[in-house]
Structure formats: structure tokens, C-alpha cells
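Each remark here refers to the structure printed beneath this line.
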Protein chains: 2
Amino acid sequence: MTDNIFDLTGRKLDRELFESLCETDQISIERIISTGQTTPPDQWYDQSRDEWVILLQGEAQLMFEDESTIDLKAGDYLLIPAHQKHRVSYTSSEPVCIWLAIHAALTENE
Amino acid sequence: MTDNIFDLTGRKLDRELFESLCETDQISIERIISTGQTTPPDQWYDQSRDEWVILLQGEAQLMFEDESTIDLKAGDYLLIPAHQKHRVSYTSSEPVCIWLAIHAALTENE
């Protein structure tokens, strides 16, 4: 009846994994497992929905279009508004990065 | 720009704390800090919205109306559908329990 967000049993960690934990038309709750992967240097996430994201294990860095960066450690969370371009510029592989992301309309502008 | 879910700076832990992290009409993302508190024995949570909840620190136990229980450790998560009566029958105080709860329409029935 419960699952554990840190449980990697049976997962092949040779690529970044995106796993839906709960999904409706309006909201998506997703686990992301990163093992050193980053967004290719010339690519950006430009998402149609807001994202509230928390890093639960590992260390990571996000970069924004103005080249500012945010270093993340376990427990750090932030809201990335829709269409705020960003890329993942670093993820640790030991330990593996485990993210919890909530995609939904989360700001009053929508 | 980021906050940390484990940061208890400035919090008085003499009662259970419910803190909104992100809120719209449709969704609420909430941190709950429990330090040994439980739901009074004759009371139940009977919520109008679904709740997806993860325990991120500590140990806890939930009880349902049929008296079945679920023991939770850090990282365990579950979906509690709207109106599924439940109570919190145990929370550890060392370490403090830190929960992340998402209240929204999360099942297809709504």
C-alpha cells in the first residue's frame, strides 16, 4: 500500500529515469532518478506547466537562462514557473539523485 | 530562491506545525512537522480532497477505519483518497517527523 521514494530495486541506472507516481489531467507527481546526467549544453527545459521540485537525495545544480545557477542538496526545493527556461547542469551519481517533481498550475497567473 | 524541507530554524516544536509551501485554489503543497503528536483516539481525518503524502524524516503510523495500520519510515508515500477516514496513531519525536503532503483532486473519480 506504500512505496518508498528511495527504493531503486529493479531499476537500471544507466540513464535518467522519469517515473509517474500519480497523474491526472491537472497534475503529475513524478520521481526522477539522475545518475550524473545533465541537460545537453545547448538545450533548455521550457515547460508549459509550473513545476515544484525537491531534491531528496544527492547533489545537483540548475542553471537558468541568465546563466545564474542554484546548487541543490537533499531537501532543497523550489518553484520553477512555466516557461522559465532552465537546465540541469550537474547531478551526482554517488549518491544517485532522487527528485520529486509536481507539475501543475501552481501560480496565480494561470 | 530555494528552501530546505528539513530546515527547522526558528520553529517552536511544542505542537504539530502545518506550513503551506505552495497553494492555489486547486492544489496545496504542505509541510507537516510532528513531534510525537497523534490524532485524538476518537477523531478521524475525513478530508474533502485526495492527499498524496510522503514521510521524509522520522517514523510514523497511520490507522484506518477498519483498524488496519501502516507503519511509515522515511521515504514511504501513499495516496489517501478523499473521505478515506484515517488517523495518525504514532509519530516519532527523535527524529522529528517531517511530512510533505499534496492536497488536490488526484483520483479520476472527481
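No value in this document is a laboratory result; all are computed from the given coordinates. The shown structure was predicted, so the numbers you read here are calculated from the model rather than taken from an experiment. Don't worry about glycine lacking a Cβ; one is built from the backbone with ideal geometry, like all the others, and counts go over all protein chains shown.
Under a 10 Å cutoff between Cα atoms, tell me which one of A:Asp42, A:Asp14, A:Asp71 has the largest fluctuation in the Gaussian network model of chain A.
In the Gaussian network model the winner is A:Asp42.
Hey, got the dipole for the protein assembly as shown? About the Cα centre, +1 on K and R Cβ, -1 on D and E Cβ, debye to the nearest 20? Walk me through the intermediate numbers first.
Working: 16 positive and 42 negative charges, 98 e Å.
About 480 debye.
Specify the residue with the greatest mean-square fluctuation among A:Thr24, A:Thr38, A:Thr91, computed from a Gaussian network of chain A linking alpha-carbon atoms under 10 Å apart.
A:Thr24
Work out how much length B:Leu13 to B:Asp46 would gain on full extension: take 0.36 nm times their residue separation and subtract the Cα-Cα distance, in nm to one decimal.
Values: separation 33, 0.36 × 33 = 11.88 nm, distance 2.53 nm.
Here the segment from B:Leu13 to B:Asp46 would lengthen by 9.4 nm.
Given Cβ point charges of +1 (Lys, Arg) and -1 (Asp, Glu) and nothing else, what value in debye, to the nearest 20, does the dipole of chain B about its Cα centre take? Mind dumping the intermediate values first?
Numbers: 8 positive and 21 negative charges, 69 e Å.
Here chain B has a charge dipole of around 340 debye.
Please name whichever of A:Leu21, A:Ala101, B:Ile70 sits farthest to the positive end of the charge dipole of the protein assembly as shown, dipole taken about the Cα centre and charges placed at Cβ: Lys and Arg +1, Asp and Glu -1.
B:Ile70
Please give the contour-minus-distance gain from B:Asp3 to B:Thr107: 0.36 nm per residue of separation, less the Cα-Cα distance, rounded to one decimal in nm.
Details: separation 104, 0.36 × 104 = 37.44 nm, distance 2.91 nm.
Here the answer is 34.5 nm.
Could you tell me the distance between the Cα centroids of the range B:1-60 and the range B:87-110, to the nearest Å?
7
Kindly provide the GluC sites (Glu not before Pro) of the range B:34-108 that DSSP labels as loop, not H, G, I, E or B, and whose Cβ sees at most 10 other Cβ atoms within 10 Å. Please list the in-between numbers first.
Values: sites: B:Glu51, B:Glu59, B:Glu65, B:Glu67, B:Glu108; in loops: B:Glu59, B:Glu65, B:Glu67, B:Glu108.
Hits after loop and neighbour filter: B:Glu67, B:Glu108.
Cα-based Rg (one decimal) and Dmax (whole number) for the protein assembly as shown, in Å?
17.7, 58
Hey, got the average number of other protein chain Cβ atoms within 10 angstrom for residues in A:75-85?
Working: counts 9, 7, 9, 3, 5, 0, 0, 0, 0, 0, 0.
Average neighbour count from other chains, rounded to a whole number: 3.
Shape verdict for chain A, please, from the Cα gyration tensor: rounded (a/c under 1.5), prolate (a/b greater than b/c) or oblate. Numbers along the way, then the final one.
On the way: a/c = 1.80, a/b = 1.12, b/c = 1.61.
In terms of gyration-tensor shape, oblate.
Relative contact order of chain B: what whole-number percent is it, with Cα pairs under 8 angstrom and at least 6 residues apart?
33
Rounded to the nearest 0.05, what FRET efficiency is calculated for B:Gln37 and A:Ala82 with R0 set to 30 Å and r the Cβ-Cβ distance? Mind showing how you got there, number by number?
Details: r = 37 Å, r/R0 = 1.23.
Given R0 = 30 Å and the Cβ-Cβ separation, E is 0.20.
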